[in-house]
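Heads up: the structure comes next, in structure tokens.
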Amino acid sequence: MAPKSSSSAKEKLIGEEEEVLQAVILADSFNKRFKPLTTHKPRCLLPICNAPLLDWTFESLALAGVQEIFVICRSHADLVKAAIKNSKWSKPNAGLKIVPIVTAKETFSPGDAMRDIYTHGIITSDFVLVTGDLVSNVRIDEVVRQHKERRKTNKDAIMTMVVKESGAMHRTRSRGDSAVFVLDAETSECLHYEAVTGYPPKKYASIPREILAEHPEVEIRNDLIDCSIDVCSVEVPSLFQDNFDYGDLRRDFVHGILTSDLLMKNIYCYIAKEGYAARVKDTRSYDSVSKDILSRWTFPLVPDDNHPGGHSYEHLRGNKYIAKDNSVVLSRTCKIGNNTLIGSKSQIADNAQISASVLGQRCIIGAGSIIRNSYLFEGVVIGANCVIEHSIIGADVQIREGGRVAKGCLIADGVSLGPQARLSPFERLSKRRQEESDGDDEDENDEGGADGEDAEADDGEDGDDEDEGEEEDEDSELEEVEANQDPEALAKLGEGTNAIIWPPPTVDDDEEVDELENPDNQRLMRIGDEALDLVLSDPGSVTSSESESESDSDEYDELYGVSNASSSATSLPLSVPTNLVAQADSAAITEFQNEVTQSLERAFAEDHSVDNAAVELKTLRMASNVPLRRVREAVVAAIVNRIKIVEGGNVPQRKEIATVIDRWGGLIDKIGGVDAVETVEVLQAHCASSDRLPLFGQILAALYQDDIVEEDDIRSWHAMPSSQGEDVKSTSLRDNFKKCWNFDEQESDDESSEEEETKVTAKVEVEEESEEESDSDDSEAEAKEPPAATAAAAAPTGAGPPPSTSGGSKGKAESEGSDEDEEDEDEDEDESEEANEAPAATTSIAKDQGLLPPNTTEGKSKHESEESEDDDEDEDEDDDEEGEEDEEEEDSDEQVGDHKRSNDSGKP
């Protein structure tokens with residue numbers, strides 16, 4: 001029995017070895033989107049929330065149960081290996097085995113890296129493939145389990161891609177690089193993949209007919225974020241080796257596998273319902289992922305717990321993170337906004353403002369300076385009265401007093417700017433090459449020997465050769481940049497600067513450039529650039545980035561009152577700091593509104609309950625300390641924007657509105673307070689300034705039907721001067737406010753031609769019948785009309801529906817009326833028209849809800865005319881028509897009030 005026991009133990013050990021989960025990290029980015037920040041270090045070592053991106057990737061893989069990691073690197077391989085050695089993951093008890101692999105010098109794409117993996121022969125089983133800029137808390141082990149189960153029955157299932165659903169405006173969704181996935185509805189097999197670039201806009205996707213013929217049900221998805229997490233079979237590297245055309249993992253490999261008639265391989269998608277995963281593949285996503293980390297979407301990977309850099313932070317209300325070692329010095333008068341992280345040993349001076357930004361260790365912020373939506377690496381020194389917004393500032397940068405850094409700027413390590421420096425939007429700066437070479441020589445003398453000893457013997461010589469070649473390439477690039485400097489542009493950087501300005505990316509007419517790396521498409525992926533001119537322009541036109549930057553620069557100078565930004569002696573007016581404080585407050589409100597929008601987008605996409613969505617909004621409001629009206633504005637705007645504009649008439653549009661309001665309308669009253677009049681005000685303001693203006697009356701009717709607003713609330717709003725746009729300065733916007741105020745006319749304009757024809761026909765019938773009533777008595781007609789006008793004038797206009805009266809009682813009132821002059825008759829008719837304005841608006845709501853048919857008033861008039869035929873046979877034709885108009889408005893109001901009371905217990 002003993003040998004048998006030994007044999008089973010060996011089998012168990014073999015099984016455990018097979019269960020070791022391997023991962024491959026592609027540390028190189030293979031693009032220049034972060035230049036010049038990545039001139040002397042790889043992107044994977046750039047800090048995000050004060051920890052290198054590579055450490056965030058290690059944390060994500062360790063959280064998912066990965067046990068062995070191969071880091072594939074070519075660019076700055078020595079720096080990558082040193083970072084791995086100095087990280088906590090190199091310790092024996094870390095639970096991870098990390099092996100750096102230096103690739104060949106000719107590695108210029110992910111496909112080349114995969115071919116190098118095949119050459120090294122390091123992969124022995126199914127493995128996880130990620131990039132070195134991943135931040136994720138998704139449980140990859142579940143994806144691996146499904147992949148292995150699928151492989152047992154289908155050996156051709158070579159890859160499973162992890163994707164996640166998102167809204168169209170999700171901030172981690174790339175505007176310049178997305179894709180269309182065609183999936184089998186039952187198995188989630190990816191049948192077709194088509195890359196989509198943001199510019200020029202792509203409106204159509206080409207799907208092979210064979211897919212639609214072979215699969216009875218498919219899903220065509222453009223709402224999926226590619227997490228760049230792939231579970232691959234062991235044969236994937238060999239497929240790259242067999243096909244040298246495969247360069248990009250998605251556009252070449254995945255697309256090539258799915259369109260090949262020879263390989264006959266299958267690729268599947270795993271749609272993650274929970275968790276967070278995103279790549280930092282450009283400066284825009286750097287901003288988005290940083291804000292997601294600070295907003296705790298990456299939990300448990302958050303700054304105050306499990307921080308990859310080993311730092312310790314205190315989490316305060318409003319997602320503020322301050323280093324716990326008591327080394328941070330904050331002035332009493334400084335202001336720290338929401339979603340802000342401040343590293344240890346940093347100092348914030350008097351009246352300085354930091355909002356939605358990250359400060360590295362040992363940063364110094366001068367008095368009166370403002371840092372907004374920006375990211376400062378360690379050792380940055382900012383002088384007094386500086387403004388930095390939507391920019392990334394490298395380590396040890398110095399910006400002297402009065403400096404202005406506009407949105408979208410990238411400043412590399414060690415740059416020094418003079419006093420009153422002015423940076424135009426989207427400028428890129430780095431240090432002069434001569435000063436860099438001096439500093440590099442000193443570093444090599446101090447640290448050169450240590451790295452050589454740590455490098456592996458077989459890769460050491462190749463790595464040295466590659467580093468030398470890489471340095472030569474960088475030196476030649478810097479030399480070219482330095483040789484083409486504009487003296488006037490350098491003068492804007494202040495006296496004593498050591499910076500050079502990188503030119504904006506351009507493409508020659510005869511140069512072939514990947515559409516993804518096209519400069520105009522790259523604008524959609526850079527920090528601070530909304531690129532509205534690209535979105536609104538013709539798809540085939542070419543827009544210059546330089547002209548956009550120049551216009552932004554002019555607006556920036558005009559904003560701060562700077563008449564000549566090129567003069568280094570330009571002084572800052574004393575009134576500017578006050579304006580800057582107001583701008584900072586406005587920016588905080590804007591940031592809150594963006595947070596609310598993102599929260600609602602997730603609630604819509606993930607189908608949260610109304611209660612859960614309300615709890616999150618309350619939390620955001622308390623953290624940001626904003627008025628309740630701001631939350632109501634954001635909620636109403638999000639719900640209204642979710643309503644699709646449906647073609648084909650009012651009926652399908654009403655159904656669409658009712659569907660959205662029934663599902664999400666209750667959220668308006670659960671955000672912390674109920675104010676129906678304010679809800680109508682907010683709805684009017686949003687519709688008046690958007691393309692939802694024609695839907696205002698129907699949306700208001702849906703809110704009325706769901707008891708979110710009542711009739712009294714609508715009357716109160718209608719009586720307010722602001723509802724007519726009296727406080728609005730813009731003429732066009734004021735006209736839109738008035739259109740909403742006269743929403744009964746708005747609704748009548750939207751009626752279909754069929755309903756209009758029906759109304760005309762009914763009116764003609766009424767006129768014909770009135771003409772046949774030729775025997776009415778004139779004296780009796782005059783006695784009849786004044787009580788009708790008086791009854792209409794007595795109808796309440798401020799609150800509640802008018803009292804209900806029957807036809808019989810009305811006839812009685814008419815018979816008891818006394819004769820009056822025609823002048824009194826005219827006065828009473830004017831009073832009745834004024835009194836009936838508000839009920840007329842309510843009648844429109846009732847018609848819109850279907851409470852009154854289109855011909856209700858005409859039908860009522862016909863009935864009354866038949867009733868009066870017995871008593872008033874000789875009535876004058878003109879007087880009869882005036883009496884009918886008063887009675888139509890009065891009876892419509894009666895029906896609205898009666899129906900509203902009858903529906904208090906439950907509406908149809």
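At-a-glance table
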| read-out | value |
| --- | --- |
| Residue match in the range 557-571 (condition: among the charged types (D, E, K, R), crowded, with 16+ Cβ neighbours inside 10 Å and modelled with pLDDT of 80 or more) | no |
| The range 101-115 - residue that is modelled with pLDDT under 90 and either assigned to a helix (DSSP H, G or I) or more than 36 Å from the chain's Cα centre (by Cα) (or both) and, of those, nearest to TYR246 (Cα to Cα) | GLU106 |
| ASP325 vs. criteria part of a loop (DSSP other than H, G, I, E, B) and surrounded by fewer than 19 Cβ atoms within 10 Å (Cβ to Cβ) | yes |
| So THR124, is it among the polar types (S, T, N, Q), part of a loop (DSSP other than H, G, I, E, B) and either free of Cβ contacts under 8 Å to residues at least 60 places away in the same chain or surrounded by fewer than 23 Cβ atoms within 10 Å (Cβ to Cβ) (or both) | yes |
| Within the range 57-74, tally of residues that are crowded, with 22+ Cβ neighbours inside 10 Å and in contact with an Asp or Glu (Cβ under 8 Å, 6 or more places away or on another chain) | 5 |
| Test: GLY176 is modelled with pLDDT under 90, crowded, with 21+ Cβ neighbours inside 10 Å and under 31 Å from the mean Cα position of the chain (by Cα) | yes |
| Qualifying residue in the range 158-169 (condition: surrounded by fewer than 21 Cβ atoms within 10 Å (Cβ to Cβ), more than 29 Å from VAL289 (Cβ to Cβ) and out of contact with any strand residue (DSSP E or B) (no Cβ under 6 Å at 6 or more places or on another chain)) | no |
| Residues being at pLDDT 90 or above and either on the phi > 0 side of the Ramachandran plot or in contact with an Asp or Glu (Cβ under 9 Å, 6 or more places away or on another chain) (or both) - total across the range 255-273 | 10 |
| Hey, ASP473 modelled with pLDDT under 90, in a helix (DSSP H, G or I) and more than 19 Å from GLY414 (Cβ to Cβ) or not | yes |
| Subset of the range 182-191 [over 16 Å from ILE225 (Cα atoms), part of a strand (DSSP E or B) and out of contact with any His (no Cβ under 8 Å at 6 or more places or on another chain)] | GLU189 |
| Filtered residues of the range 708-727 (kept if touching a residue at least 40 places away in the same chain (Cβ under 8 Å) and touching a Lys or Arg at 6+ places or on another chain (Cβ under 8 Å)) | GLU711 |
| All positions within the range 360-393 that are basic (Lys, Arg) and more than 20 Å from ASP287 (Cβ to Cβ) | ARG362 |
| Residue check, LYS655 more than 21 Å from VAL596 (Cα to Cα) and of a type outside the set (Gly, Ala, Ser) | yes |
| Flag if GLU479 is under 30 Å from GLY418 (Cβ atoms) and at pLDDT below 65 | no |
| When residues of the range 80-97 are limited to those that are at pLDDT 90 or above and among the hydrophobic types (A, V, I, L, M, F, W, C), the one surrounded by the most Cβ atoms within 10 Å (Cβ to Cβ) | VAL80 |
| Breaking point among (1) over 29 Å from the mean Cα position of the chain (by Cα); (2) of a type outside the set (Lys, Arg); (3) under 25 Å from ASP282 (Cβ atoms), for ILE348 | (3) |
| Close pairs from the range 151-175: first free of Cβ contacts under 8 Å to residues at least 60 places away in the same chain, partner of a type in the set (A, V, I, L, M, F, W, C), Cβ under 6 Å, at least 6 apart | ARG173/ILE225 |
| Out of ALA278, ALA205, sole residue that is more than 21 Å from ARG150 (Cβ to Cβ) and in a strand (DSSP E or B) | ALA278 |
| For ILE348: the one exception among (1) touching a Leu at 6+ places or on another chain (Cβ under 8 Å); (2) over 24 Å from ALA51 (Cα atoms) | (2) |
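Residue by residue, here is whether (1) assigned by TED's automatic domain parsing to the domain that holds PRO627; (2) surrounded by 15 or more Cβ atoms within 10 Å (Cβ to Cβ); (3) under 20 Å from VAL660 (Cβ atoms) holds:
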residue: LEU683; (1), (2), (3): yes, yes, yes
residue: SER690; (1), (2), (3): yes, no, yes
residue: GLN698; (1), (2), (3): yes, yes, yes
residue: TRP717; (1), (2), (3): yes, yes, no
residue: ARG734; (1), (2), (3): yes, yes, no
residue: LYS739; (1), (2), (3): yes, yes, no
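The values are calculated or read from the model by the stated rules, or taken from the named source; none is laboratory data. Bear in mind the structure is a predicted one, so any value in this text is a computation, not a measurement. For neighbour counting, all protein chains shown are included, and Cβ atoms are generated from backbone atoms with ideal geometry for every residue, glycine included.
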